[in-house]
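Every number in this text was worked out from the coordinates using simple rules, so none of it is lab data. As the structure is a computational prediction, the values presented were derived from the model and not from experiment. Heads up, the Cβs are rebuilt from the backbone with ideal geometry, glycines too, and the neighbour counts pull from every protein chain shown.
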Amino acid sequence: MSADIILRVENVSKRFGGLQALSDVTFDLPRGQILGLIGPNGAGKTTLFNAINGIYPPEEGRVLFNGQDITGWKPYRVAKAGLARTHQIVQPLNDLTVLENVMAGACFGHENHPLGRAREIADEVLEFVGLAERRDLLAGSLNVAQKKRLELARALASHPYLLLLDEVLAGLNPAEIAEMVQVVLKIRDQGVTILIIEHVMHALMNVSDRVIVLDYGKQIAEGTPEEIANNPRVIEAYLGDPKLAEKMLRGEV
Amino acid sequence: MKPWRDPGLWLSLLVTAAIGLWPAVAANKPYAREMMFTVLMSVGLASSLNIMQGYTGYVNFGHIIFFGLGGYVGFYLLSVYHAPLYVAALAGALTAALVAFLLGKAILRLRGAYFALATIGINEAARSFVKNFDPFGGPTGMTLKFHVYQAYGGANQALWITYIALVVLTLLIILVSYLVKTSKFGLGLMAIRENEDAAEVMGIVAPDAKTWAYVLSAVFPGIIGVLFFFKNGNIEPGDAFRLQQSIEVIVMVMLGGQGLVFGPLVGAAVYQRLRGYLLVSPLFKNIQLAVAGLLLLIIILFVPAGLIGWLRGRFPRLRRWLV
Ligand SMILES: Nc1ncnc2c1ncn2[C@@H]1O[C@H](COP(=O)(O)OP(=O)(O)O)[C@@H](O)[C@H]1O
Ligand SMILES: [Mg+2]
């Protein structure tokens, strides 16, 4: 495996009872890139994240991270290897403060910082995502947009090599989306590789180096954002709207 | 913040010390000592339970198992081998730690109500085991020969030594509770309490963290059990494994405020004082568990954060003191 492939997903399949949530998904993610992951609701995008970070180990296939086979590792072991993720449904530690939430991210990730250093990192990261003023509030008291930022901050505080972002833009207004897109690009510029699931299509098309499309657990397309927007199979998967490609690129979808 | 600069820690230690020193200034010293022995014992049991229930979020109906097992093993050494009290206390601590470690591996994978139910089952299992274990005296238990106290300068002196040991132990428990709460280990436990799955995704090794929390919270009742039964002079299964006592400790933690250092301390003291008044009345004597249950219901419904938690919410300025 070449040194600059940070994540390799090889023939990964995952079933839930009779439902084939993922079938034979295969792709490489080169270090330093942003890979977009799209697909209709229920396509298996979140399940793919869960298969990568050990929430639900796949029945078939392998996941290689930094050259190491991490298939079937527990989530904490994957985290300690330097892979962080956010959740589509936010998971704040409600009765802890915003600062403590982010400190936990810094403390227990692969850098394993003591509390003092974790507090410094948490303050930097909170500044970066724009939550610095709320650092001493309880996480449970934040609104949804702020909780999304908190998810991101917590993952970032672990200084991951690879960051999995699951719909961090969902539920945000256009101004918030524009801000968050800038944040994502800055994270990439700091050298973090990103795998991002997004429904806000134009945003995803603008940030991604490459895009993968899942439909019913199958990988139906892979390519640059332009290639994807013009791919007939993708257009079919998205309700067969022939004007979809133009709309996507103009930001109307 | 450095621990010795934290006024909250000092307040908790001072209140504990004040309770401990009370018999020294009371008019009827042996009477005050007996009363404060019960209060300190409750403070120690509640504060150690809080590590599991308050910090880690695992409701445990089996805290008294460790009190009973530690007490039995220590008592056995005291009565059969005439071991010194500190050796017996150490043995009680080790027994509790070992049992918690093994038990933790088995039942800590259960979550929420399932864990709580398992701890009830284990309490009953421990009681019937000891009842049928002949070296521990079976159903009648064991009694200390009076001459054992001679080594401590007589029974009266032995009682004072035991009391002083309990005061020191309780101060230590408060200190440990504080250090856990303000440590990285404690942050991991509280993350588990808030959301165990998310905690694991952040890299917290939940199975290990929970096991160590369980072991740490078990060590102290293990020692308290030895001190208590040494003071009593006899031990029997019914006294060592009372489910009711586990429930009372839970009520104390909730009453004062779980997840805080000061909460269980205040909860235990208030509960014991309350119980002292109620026990005088023959009516309440028979329904004390019902009263505890009612109290628990009232707390959960109206002050889920407990007395100290409520004060912290109501008067943010007090937070510095009420940690
Ligand atoms: N834990 C689970 N148990 C059973 N079915 C699940 C589970 N998680 C996801 N699924 C199912 O797998 C499919 C893919 O879900 P998901 O990965 O969440 O889709 P997406 O994130 O692309 O919207 C859906 O049909 C969903 O209902
Ligand atoms: Mg999803």
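A few comments on the model shown:
- Set A:80/A:218; A:80/B:184; A:74/A:148; B:105/B:131; A:148/B:181; B:2/B:210 screened for pairs whose C-alpha atoms are more than 18 Å apart: A:80/A:218; A:74/A:148; B:105/B:131; A:148/B:181; B:2/B:210
- Distant-in-sequence amide H partners of residue A:82 (H built 1.01 Å from N, under 5 Å): A:110
- Gap separating the Cα centres of the stretch B:174-249 and the stretch A:169-212, nearest whole Å: 44 Å
- Estimated vicinal HN-Hα couplings, Hz - the stretch B:308-323 in sequence order (Karplus 6.51, -1.76, 1.60; Gly, Pro = x): 6, x, 5, 4, 4, x, 6, 10, x, 5, 7, 4, 4, 8, 9, 8
- What separates the Cα centres of the stretch A:86-138 and the stretch B:42-65 is a distance of 28 Å.
- Counting beta carbons within 10 Å around each of B:47, B:281, B:12 and listing the fewest first gives the order B:281, B:12, B:47.
- Computed E for residue B:125/residue B:296 - FRET, C-beta separation, R0 30 angstrom, nearest 0.05: 0.75
- The chymotrypsin sites (Phe, Trp or Tyr not before Pro) of the stretch B:108-204 meeting both criteria, a DSSP state outside H, G, I, E and B (loop) and at most 15 other C-beta atoms within 10 angstrom of the site's C-beta, are B:133.
- Overall, the ratio between the Cα radius of gyration of the stretch A:86-160 and 2.2 N^0.38 Å, rounded to two decimals, is 0.95.
- Amide hydrogen proximity for residue A:5: with H placed 1.01 Å from N in the peptide plane, the residues at 5 or more positions away or on another chain lying under 5 Å are A:31.
- Taking the fewest neighbouring Cβ atoms within 10 Å as the starting point, the ordered list for B:271, B:72 is B:271, B:72.
- Net charge dipole, the protein assembly as shown: roughly 2240 debye, given to the nearest 20, about the Cα centre with Cβ charges of +1 for Lys and Arg and -1 for Asp and Glu.
- Listed from fewest to most Cβ neighbours within 10 Å, the set B:147, A:199, A:159 follows the order B:147, A:199, A:159.
- Hydrophobic long helices, here whole DSSP H runs in chain A with Kyte-Doolittle means of at least 0.0 and Cα atoms spread over 15 Å or more along the helix axis, are found at A:98-108, A:115-129, A:174-189.
- Cα gyration tensor of chain B - equivalent ellipsoid semi-axes, whole Å, descending: 30, 24, 20
- DSSP loop GluC sites (Glu not before Pro) with at most 16 other Cβ within 10 Å: longest gap in chain A: A:60-251
- For the stretch B:110-125, 3J(HN,Hα) per residue [Karplus equation, 6.51 cos²θ - 1.76 cosθ + 1.60, θ = phi - 60°, Hz, x = Gly/Pro]: 6, 10, x, 4, 5, 5, 4, 5, 4, 5, 5, x, 5, 4, 5, 5
- In sequence order, calculated HN-Hα J values of the stretch B:158-163 (Karplus, 6.51, -1.76, 1.60; Hz; x Gly/Pro): 4, 5, 5, 4, 4, 4
- Here the alpha carbons of the stretch B:64-220 define both size measures, Rg and Dmax, at 18.5, 58 Å.
- The loop-placed trypsin sites (Lys or Arg not before Pro) in the stretch B:131-193, going by DSSP, that have at most 16 neighbouring Cβ atoms within 10 Å of their Cβ come out as B:145.
- Amide proton proximity set for residue A:71, modelled H, under 5 Å, gap of 5+: A:63
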